[in-house]
Ligand SMILES: NC(=O)c1ccc[n+]([C@@H]2O[C@H](COP(=O)([O-])OP(=O)(O)OC[C@H]3O[C@@H](n4cnc5c(N)ncnc54)[C@H](OP(=O)(O)O)[C@@H]3O)[C@@H](O)[C@H]2O)c1
């Protein structure tokens, strides 16, 4: 068992898996949390082999929109101090919005998936956060800064306002709270079958660097903010978007 522990929601796939791999490489023990056990186990196996530590990654299955299941993460932590919480679980949820009932379900689903998951996990682990030195990270989206995703954009933007309050509450205990806001990142499950070659090309063209983001681009920002050299950075939103949105 290592000295430092990180909890990564949505750590079985995409950006979360890259974050888990990066933090494990930085010496953290990592707990990956998600609803489906298969991707969590596969990612955990791969990372253990890569970093050569059998206890580098543990797996917890939980739907983080559910308070009882979220409490199960606390049980899995087992009383250890938590150095880093990465609230990465989320995604765009569609739905039939042709009537108000469908509209309400669509908005609730997006708020639950992107806001409640982060709030419940962070509040569940708040007493366990390492004092001083804990780190809370929220993965939002470029959609929060420029729109384009309706309820999803609004839900991700809500994380920003909450992060500012949380940073104020936890700052006196030397715990930092920051938001990483990714632009377009290919090679994740986010877009499912919604992505087309034209959609991909349009998003790449909107960057200044002429390429799609990779999960490791986002993981690099998280690793910096989770590390010891970022102790004076709190209450910030770091855009990692290839220049698609400037300086916001
Ligand atoms: N890809 C992009 O272009 C992009 C851009 C901006 C922001 N983001 C954000 O980045 C984060 C990671 O997305 P990604 O691109 O890596 O897509 P992804 O592969 O779909 O990852 C989302 C992860 O969240 C988990 N998850 C979703 N709902 C959950 C719940 N209720 N409880 C527990 N786990 C849950 C999923 O696992 P289970 O289904 O097994 O639960 C999955 O592992 C998301 O918050 C997304 O909104 C992505």
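The values are calculated or read from the model by the stated rules, or taken from the named source; none is laboratory data. Computed from a predicted model, the values in this text were never measured in an experiment. Counting neighbours? That spans all protein chains shown, and the Cβs are built from the backbone with ideal geometry, glycine included.
Checking the conditions here, which among 183, 213 is closer than 21 Å to residue 15 by Cβ, within 16 Å of the ligand (Cβ to nearest atom), surrounded by 21 or more Cβ atoms within 10 Å (Cβ to Cβ) and over 15 Å from the mean Cα position of the chain (by Cα)? Working first, answer last.
On the way: 183 fails: over 15 Å from the mean Cα position of the chain (by Cα).
Among 183, 213, only 213 is closer than 21 Å to residue 15 by Cβ, within 16 Å of the ligand (Cβ to nearest atom), surrounded by 21 or more Cβ atoms within 10 Å (Cβ to Cβ) and over 15 Å from the mean Cα position of the chain (by Cα).
Quick check on my filter: what residues within the stretch 163-180 are surrounded by fewer than 17 Cβ atoms within 10 Å (Cβ to Cβ), in contact (Cβ under 8 Å) with a residue 12 or more places away in the chain and either within 14 Å of the ligand (Cβ to nearest atom) or in a helix (DSSP H, G or I) (or both)?
164, 168, 171, 173
Quick one: what pairs do we get from the stretch 64-85, first residue free of Cβ contacts under 8 Å to residues at least 40 places away in the same chain, second in a loop (DSSP other than H, G, I, E, B) and within 12 Å of the ligand (Cβ to nearest atom), C-beta under 8 Å, 6+ apart or different chains?
69/62; 69/63; 72/62
Rundown of residues vs (1) closer than 24 Å to residue 134 by Cα; (2) within 11 Å of the ligand (Cβ to nearest atom); (3) modelled with pLDDT of 95 or more, yes/no style:
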| residue | (1), (2), (3) |
| --- | --- |
| 51 | yes, no, yes |
| 77 | yes, no, yes |
| 90 | yes, yes, yes |
| 99 | no, no, yes |
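For residue 21, are the conditions met, namely being modelled with pLDDT of 95 or more and either surrounded by fewer than 20 Cβ atoms within 10 Å (Cβ to Cβ) or on the phi > 0 side of the Ramachandran plot (or both)?
Values: modelled with pLDDT of 95 or more: yes; either surrounded by fewer than 20 Cβ atoms within 10 Å (Cβ to Cβ) or on the phi > 0 side of the Ramachandran plot (or both): no.
It is false that residue 21 is modelled with pLDDT of 95 or more and either surrounded by fewer than 20 Cβ atoms within 10 Å (Cβ to Cβ) or on the phi > 0 side of the Ramachandran plot (or both).
Just a yes or no: is a residue in the stretch 39-47 assigned to a loop (DSSP other than H, G, I, E, B) and modelled with pLDDT of 95 or more?
Of the stretch 39-47, the ones assigned to a loop (DSSP other than H, G, I, E, B) are none.
There is no residue in the stretch 39-47 that is assigned to a loop (DSSP other than H, G, I, E, B) and modelled with pLDDT of 95 or more.
Return only the number of the condition from (1) within 13 Å of the ligand (Cβ to nearest atom); (2) part of a loop (DSSP other than H, G, I, E, B); (3) touching a residue at least 12 places away in the same chain (Cβ under 8 Å) that residue 148 does not satisfy.
All conditions pass for residue 148, except number (3).
Kindly evaluate residue 63 against the criterion of being in a loop (DSSP other than H, G, I, E, B) and touching a helix residue (DSSP H, G or I) at 6+ places or on another chain (Cβ under 7 Å). Spell out how you get there, then give the answer.
Working: in a loop (DSSP other than H, G, I, E, B): yes; touching a helix residue (DSSP H, G or I) at 6+ places or on another chain (Cβ under 7 Å): yes.
Considered against the rule, which asks whether it is in a loop (DSSP other than H, G, I, E, B) and touching a helix residue (DSSP H, G or I) at 6+ places or on another chain (Cβ under 7 Å), residue 63 comes out as yes.
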